[in-house]
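Here's the structure, in structure tokens; my notes come after.
The values are calculated or read from the model by the stated rules, or taken from the named source; none is laboratory data. Fair warning: this is a prediction, and the values are worked out from it, not measured in the lab. Here the Cβ is made from the backbone with ideal geometry for all residues, glycine too, and neighbour counts use every protein chain on show.
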Amino acid sequence: MTAASERPVLAIDIGGTKIAAAEVLGRQVLDRRQTATPRTGRGDDLVAAIASLAPKHAVGAVAVATTGIVRDGALTALNPQTLPIENGYPLAQALEKALGVPPLVVNDAQAAAWAEFSVGAGHGFKNFAFFTVSTGIGCGLVVDGRLLTGATGLAGHVGHTMSDPGGVACGCGRRGCLETIASGTALARRGSERLGRPFGAPDLFEAAAQGDRIAAEVIASAVDALVDAFADLTASVDVDCFAVGGGVGLANGFLEALQARSLQLPRIFQRPIVAAQAGADAGLLGAALLCGENLHHK
């Protein structure tokens, strides 16, 4: 075992609203801290915010999970509304300069999927999909025991597959994406439109629980869209199990609604749908685990 592998991995998780950092030793997430994500659209400001979270002492390696598309260490926002940044910003290069260690950089949903596959709800399956249903919709895919990233980093961005042809414009540039129907942002928008007053996603769930028919219909349409996406993905790569996380995904009754709706599919498309288990820091853990595997195979 090398000295580097005995030191913790500095793991960083870049989201649209916050950046989290922690030192990960094995499967332990230690000394977690966070700061607000700069919304300036400048990658250099993002790197400065990350550097402010770095510990003073040496770390064995650096692993970064980030929203957006990662290609050869460069970051592009598929949906600039989530994280404004220059297209193809050389994140790995800039972080190596700032931190003195070449980082592993991977999409955050892909990293979380690897954590779930390694130590969470996907453990024991060969073909596995993790969905986070939150402000947006993220997905990570493991096929034949390998994390899919794709040549351009696009693999797993199921939130930007077609759900409503001719629907509303999505931040990615298409119309009617799954994210425009089933994300927390979409639920808030659609609930507000249907109910005639401002509604956040949590308000919508509360109204549905109190018997509001329109709120329940908006949530049901999100459930339908997600289950159809699960079926499409199953037809594509024969997924063994789906794990669902995120603020909407784990909202009271939502997982059970997904499970019930999936039973209406033809049997060939039905797969287990379970709650994610790796927790809110799955992105940090998954990035660190991937980094550890890379070090091991060097």
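Any residue in segment 19-37 that's free of Cβ contacts under 8 Å to residues at least 60 places away in the same chain and of a type in the set (Val, Ile, Thr): show its pairings with residues that are buried (at least 20 other Cβ atoms within 10 Å of the Cβ) and assigned to a strand (DSSP E or B) at Cβ separation under 8 Å, as long as the two are six or more apart or on different chains. Filtered contacts from segment 19-37: Ile19/Ile12; Ile19/Asp13; Thr35/Ile19; Thr37/Ile14; Thr37/Ile19.
Of the residues making up segment 26-40, those that are exposed (fewer than 14 other Cβ atoms within 10 Å of the Cβ) and in a loop (DSSP other than H, G, I, E, B) are Gly26, Arg27, Arg39, Thr40. Being out of contact with any Asp or Glu (no Cβ under 6 Å at 6 or more places or on another chain), among the hydroxyl-bearing types (Ser, Thr, Tyr) and over 19 Å from Leu147 (Cα atoms) is a property that Ser221 has.
So, Leu75, is that one of a type outside the set (Ser, Thr, Tyr), crowded, with 24+ Cβ neighbours inside 10 Å and in the same structural domain as Thr40 (by TED's automatic domain parsing) or not? Criteria met by Leu75.
Mind checking whether some residue in segment 258-268 is closer than 24 Å to Gly145 by Cα and surrounded by fewer than 22 Cβ atoms within 10 Å (Cβ to Cβ)? Yes, some residue in segment 258-268 is closer than 24 Å to Gly145 by Cα and surrounded by fewer than 22 Cβ atoms within 10 Å (Cβ to Cβ). Against the test of being surrounded by fewer than 23 Cβ atoms within 10 Å (Cβ to Cβ) and in contact with a Leu (Cβ under 9 Å, 6 or more places away or on another chain), the options Gly279, Gly253 yield a single qualifying residue, Gly279.
Regarding Phe242, is this residue within 22 Å of Ala65 (Cβ to Cβ) and assigned by TED's automatic domain parsing to the domain that holds Gly167? Here the answer is yes, as Phe242 does meet what is asked.
If the requirement is being charged (D, E, K, R), touching a residue at least 24 places away in the same chain (Cβ under 8 Å) and in contact with a strand residue (DSSP E or B) (Cβ under 7 Å, 6 or more places away or on another chain), which of these qualifies: Asp232, Asp228, Asp224, Asp240? Exactly one of Asp232, Asp228, Asp224, Asp240 is charged (D, E, K, R), touching a residue at least 24 places away in the same chain (Cβ under 8 Å) and in contact with a strand residue (DSSP E or B) (Cβ under 7 Å, 6 or more places away or on another chain), namely Asp240. Of the residues making up segment 260-280, those that are in a loop (DSSP other than H, G, I, E, B) and either of a type in the set (A, V, I, L, M) or modelled with pLDDT of 95 or more (or both) number 11.
Among residues of segment 200-233 being more than 15 Å from Ser134 (Cα to Cα) and either modelled with pLDDT under 95 or charged (D, E, K, R) (or both), the one that is surrounded by the fewest Cβ atoms within 10 Å (Cβ to Cβ) is Arg213. Taking residues in segment 266-293 that are without any contact (Cβ under 8 Å) to a residue 40 or more places away in the chain, and partners anywhere that are part of a loop (DSSP other than H, G, I, E, B) and charged (D, E, K, R), the pairs with Cβ atoms closer than 8 Å and at least 6 places apart or on different chains are Pro272/Asp240.
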